[in-house]
Amino acid sequence: MTDTVKLIVDGVTVEVPRNYTMLQACEAAGAEIPRFCYHERLSIAGNCRMCLVDWVGAPKPIASCAQTVGDMAPKKDGTPHEISTKSPRAIKARNGVMEFLLINHPLDCPICDQGGECDLQDQAMGYGRAASRYQENKRAVDDKNMGPLVKTIMTRCIQCTRCVRFAAEVAGVDEIGLANRGEDAEITTYLEKSLTSELSGNVIDLCPVGALTSKPYAFNARPWELRKTESIDVMDAMGAAIRVDARGPTVMRILPRVSEEINEEWISDKTRFVWDGLGRQRLDKPYVRANGALKAATWDEALKAAAEALTVSGDQIGVIAGDLADAESMKAALDLATSLGVKSIDCRQDGAKLGVAADGAKLPRESYLFNSTIMGIDEADAILLVGVNPRKEAAVLNARIRKAWLRMVPVSLIGERVDLTYDYKYVGAGPDSLGELKAGHPVFEELSKAKRPLIIVGQGALSRGDGAAVLNAVSALAANVGAFKDDWNGFNVLHTAAGRVGGLDLGFLPAAGGKDVAGIVAGAQSGEIKTVLLLGADEIDTSRLGSAKVIYIGSHGDNGAHRADVILPAAAYTEKSATYVNTEGRVQRTQRAVAPKGEAREDWAIIRALSAYVGKTLPYDSLTQLREKLGKDHPIFLGLDFAPGRHGGSVAPPYGTAAAMQSAPFRSAVTTFHLTNPIARASRTMAECAELAAGLKPAVAAE
């Protein structure tokens, strides 16, 4: 039996794999097949019947999404089966299906948020009848409460069950279902509970009608009014492909783009709904602290105050880069700090023991990357998670792991026992369990026998005091189970900060004799550090900076700005073209969708202006010149959208420092999924989601 099947579709001969559906075969031949329930990333339901085609010789039209070509019995004369998508019978069948679908559909297109990008609208125009013959009253269905993110108008629902299948199969939460049958069938959540999945917003994109739409975006804009800018996400370290839709100076919504290598076509709820935080609590003018209070100032006054604070010796200055810092701003800050003789430089706000060994030697790039690549999860045949909760730290990546688990790939966990949406073997809570993974242990044997074992270690395990020892132990384990091969590197570090890998690639780390983040904070408290420059660093304990002068460059009035003596307002990620490096080591760029707020400027331009005020003018006047210098000094940044991945040239493990590990259990680096950065903390939508997740009744602001 051959692995392919030959068909004739609308007169075009095509040869396709036996596992193709008739719908896929028709599309391979160039035919257009309408559909509502079928989605290539979900299981086949076959319940909308919109994809009917005419299989020549069959007694009735066939639902092409549910018919596998390999199951079609060969014709007696040996000729290929013929399929027509344009015959009178196929056209009449689709007309009939569309007429039935519209029987109960409300005629509310002018007020529907799906208007202009609605599959039902488009297909009714292309495949529907000119008029309806239905004279009875339409069915009405009560709207359901699905929480603060998804708005429901269930009378529009055509029961395609895409949302049900997504929740059960991709998100891994059985929260949406089809209740009752026939005329009484309704899509609903269990007891009308709010959706709890971190991926719940994707049902909005999946819904082919206006039944499930975005609640925060409701009635804000029409799709044809929006400027669409392709960009990348910075809410976690995955670098998901997104599209930023804006009108005038305001970002109105954020949608996913298809990227098979990173996020497929899903994004997390934080990525999708954080956009209202881009306009709230913004720093839109410079401020200087006088007599204990921050006062608005001109750029000249603020830059003079910042330059004055930097007149102390380099040993008395500390520079900390935040989680959302882009490569250009860190490069400019690093060049300025180096020119001032500053050694206390760090981009690891959480204290992760990455990038540099205890003796100050720089660790290889493989020691802090997701080496197998995100897409490599699809090839893994055994997975071990160490000190990581991927559901909170990288929700879309967690869906990839779940997809592997559905293929019967075994998953094991060392760390917090939490609901990851899939089953796993629980090895233990901390380093003691990690030390037990030796020959003879069932999980060790499972990983050793796997052709492509995959180990993921999280920031919760690496940001502890014994992080270097944990890194050493996990990388040694990866080597012992055969995770390093010519065509495979199964050792992976999952980052949570979008700017972290870029900072490590730049060497935004303490120089010889310099202090790390903890040392800078302690030095500021003791008076040893006189000035601290915070480049969007808001996750440190700013109350412990003592009497040090604090210069804050950032976009939001968060922790760093509250403590600052000089505030230099910067652009957010949707307001600049900036370079980031994701957890795989893939160099990516955001694109400017809207202008910076008020007097805010791009971070690198602020640092370039500041360098002139301190008499150490940096050698670039434009973003192009800065990127040329960046690529010259760090060639890694010359290759855009390329994940280095596994290759035989990896530096041999173990990495880190061999030492005794603490017995304390591992904790996830992310405790509150919705509030991990200044933009998210400024978002009302994220605040409401965080309150719901914590089991609190959300406070409703007075209008």
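Please work out if Ala352 is farther than 29 Å from Thr311 by Cα, open to solvent by 20 Å² or more (accessible area, probe 1.4 Å), part of a loop (DSSP other than H, G, I, E, B) and small (Gly, Ala, Ser). Please lay out each step first, then the result.
Numbers: farther than 29 Å from Thr311 by Cα: yes; open to solvent by 20 Å² or more (accessible area, probe 1.4 Å): no; part of a loop (DSSP other than H, G, I, E, B): yes; small (Gly, Ala, Ser): yes.
Against the criterion (farther than 29 Å from Thr311 by Cα, open to solvent by 20 Å² or more (accessible area, probe 1.4 Å), part of a loop (DSSP other than H, G, I, E, B) and small (Gly, Ala, Ser)), Ala352 does not qualify.
Taking Arg222 as the residue in question, decide whether it is open to solvent by 10 Å² or more (accessible area, probe 1.4 Å) and modelled with pLDDT of 95 or more.
Numbers: open to solvent by 10 Å² or more (accessible area, probe 1.4 Å): yes; modelled with pLDDT of 95 or more: no.
For Arg222, the condition - open to solvent by 10 Å² or more (accessible area, probe 1.4 Å) and modelled with pLDDT of 95 or more - is not met.
Going through Gly182, Gly172 one at a time, which residue ends up being at pLDDT 90 or above and out of contact with any Pro (no Cβ under 6 Å at 6 or more places or on another chain)?
Working: Gly182 fails: at pLDDT 90 or above.
Result: Gly172 is the single residue among Gly182, Gly172 that is at pLDDT 90 or above and out of contact with any Pro (no Cβ under 6 Å at 6 or more places or on another chain).
Looking only at residues in segment 159-173 that are among the β-branched types (Val, Ile, Thr) and not in a helix (DSSP H, G or I), which one is surrounded by the most Cβ atoms within 10 Å (Cβ to Cβ)? Walk me through it before giving the result.
Taking segment 159-173 first, the residues among the β-branched types (Val, Ile, Thr) are 161, 164, 170, 173.
The next check asks that each one be not in a helix (DSSP H, G or I); those that pass are 161, 173.
Values: Thr161: 22, Val173: 17.
That would be Thr161.
Answer yes or no as to whether Ile254 is in contact with a strand residue (DSSP E or B) (Cβ under 6 Å, 6 or more places away or on another chain), without any contact (Cβ under 8 Å) to a residue 24 or more places away in the chain and either open to solvent by less than 10 Å² (accessible area, probe 1.4 Å) or in a strand (DSSP E or B) (or both).
Numbers: in contact with a strand residue (DSSP E or B) (Cβ under 6 Å, 6 or more places away or on another chain): yes; without any contact (Cβ under 8 Å) to a residue 24 or more places away in the chain: yes; either open to solvent by less than 10 Å² (accessible area, probe 1.4 Å) or in a strand (DSSP E or B) (or both): yes.
Taking the combined requirement at face value, the residue satisfies it.
In segment 411-427, is there at least one residue being touching a Leu at 6+ places or on another chain (Cβ under 6 Å), modelled with pLDDT of 95 or more, open to solvent by 10 Å² or more (accessible area, probe 1.4 Å) and not in a strand (DSSP E or B)?
yes
Only one residue in Val69, Val16, Val97 is of a type in the set (Val, Ile, Thr), touching a Cys at 6+ places or on another chain (Cβ under 8 Å), crowded, with 17+ Cβ neighbours inside 10 Å and closer than 27 Å to Leu206 by Cβ, so which one is that?
Values: Val69 fails: touching a Cys at 6+ places or on another chain (Cβ under 8 Å); Val16 fails: touching a Cys at 6+ places or on another chain (Cβ under 8 Å).
Testing whether each residue is of a type in the set (Val, Ile, Thr), touching a Cys at 6+ places or on another chain (Cβ under 8 Å), crowded, with 17+ Cβ neighbours inside 10 Å and closer than 27 Å to Leu206 by Cβ leaves just Val97.
I'm checking my understanding of the structure. Among residues of segment 456-502 that are surrounded by fewer than 24 Cβ atoms within 10 Å (Cβ to Cβ) and in a strand (DSSP E or B), which one is modelled with the lowest pLDDT?
Step by step, filter segment 456-502, then rank; the result is Lys485.
So for segment 125-137 (the condition being open to solvent by 50 Å² or more (accessible area, probe 1.4 Å), more than 27 Å from Gly201 (Cα to Cα), assigned to a loop (DSSP other than H, G, I, E, B) and of a type in the set (Asp, Glu)), does at least one residue qualify?
Of the residues in segment 125-137, the ones open to solvent by 50 Å² or more (accessible area, probe 1.4 Å) are 125-126, 129-137.
Still in the list and also more than 27 Å from Gly201 (Cα to Cα): 125-126, 129-137.
Filter once more, so that each one left must be assigned to a loop (DSSP other than H, G, I, E, B): 129-137.
Those left that are additionally of a type in the set (Asp, Glu): 136.
Yes, segment 125-137 contains a residue that is open to solvent by 50 Å² or more (accessible area, probe 1.4 Å), more than 27 Å from Gly201 (Cα to Cα), assigned to a loop (DSSP other than H, G, I, E, B) and of a type in the set (Asp, Glu).
If I go through segment 195-241 residue by residue, how many of them are in contact with a Lys or Arg (Cβ under 6 Å, 6 or more places away or on another chain), under 24 Å from Ala399 (Cα atoms) and in a strand (DSSP E or B)?
Residues in segment 195-241 being in contact with a Lys or Arg (Cβ under 6 Å, 6 or more places away or on another chain), under 24 Å from Ala399 (Cα atoms) and in a strand (DSSP E or B): 3 in total.
Does Ala605 satisfy the condition of being under 20 Å from Val532 (Cα atoms) and small (Gly, Ala, Ser)?
Details: under 20 Å from Val532 (Cα atoms): yes; small (Gly, Ala, Ser): yes.
For Ala605, the condition - under 20 Å from Val532 (Cα atoms) and small (Gly, Ala, Ser) - is met.
Could you tell me whether any residue of segment 634-648 is assigned to a loop (DSSP other than H, G, I, E, B), on the phi > 0 side of the Ramachandran plot and surrounded by fewer than 17 Cβ atoms within 10 Å (Cβ to Cβ)?
First pass over segment 634-648, keeping only residues assigned to a loop (DSSP other than H, G, I, E, B): 634, 639, 641-648.
From what's left, on the phi > 0 side of the Ramachandran plot: 641, 645.
Those left that are additionally surrounded by fewer than 17 Cβ atoms within 10 Å (Cβ to Cβ): 641.
Checked segment 634-648: at least one residue is assigned to a loop (DSSP other than H, G, I, E, B), on the phi > 0 side of the Ramachandran plot and surrounded by fewer than 17 Cβ atoms within 10 Å (Cβ to Cβ).
When the residues of segment 328-349 are narrowed to those that are over 22 Å from Ala570 (Cα atoms) and part of a loop (DSSP other than H, G, I, E, B), which ends up most open to solvent (accessible area, probe 1.4 Å)?
Step by step, filter segment 328-349, then rank; the result is Lys343.
Okay, residues lined up against (1) within 28 Å of the chain's Cα centre (by Cα); (2) on the phi > 0 side of the Ramachandran plot; (3) not charged (D, E, K, R):
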residue	(1), (2), (3)
Ala479	no, no, yes
Ala483	yes, no, yes
Gly507	yes, yes, yes
Gln525	no, no, yes
Leu534	yes, no, yes
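Among Met154, Met125, which is the only one that is of a type in the set (A, V, I, L, M) and closer than 30 Å to Glu691 by Cα? Before the answer, list the steps.
Working: Met125 fails: closer than 30 Å to Glu691 by Cα.
Of Met154, Met125, the one residue that is of a type in the set (A, V, I, L, M) and closer than 30 Å to Glu691 by Cα is Met154.
Any residue in segment 106-117 that is of a type in the set (Gly, Ala, Ser) sitting within a Cβ distance under 9 Å of a residue that is not in a loop (DSSP other than H, G, I, E, B)? List the pairs, counting only those 6 or more apart or interchain.
Cβ pairs passing all conditions: Gly115/Cys109; Gly115/Gln121; Gly115/Pro223; Gly116/Pro223; Gly116/Trp224.
Suppose the filter is farther than 19 Å from Arg391 by Cα, open to solvent by 10 Å² or more (accessible area, probe 1.4 Å) and part of a loop (DSSP other than H, G, I, E, B); does Lys295 pass it?
Judged against the criteria, Lys295 is not a match.
The values are calculated or read from the model by the stated rules, or taken from the named source; none is laboratory data. Predicted model, so just to flag it, every value in this text is computed and none were measured. Virtual Cβ from ideal backbone geometry, glycine too; neighbours counted across all protein chains shown. Ligands, DNA and RNA are excluded from the accessible area calculation, which covers all protein heavy atoms including side chains. Shrake-Rupley method; radii C 1.70, N 1.55, O 1.52, S 1.80 Å.
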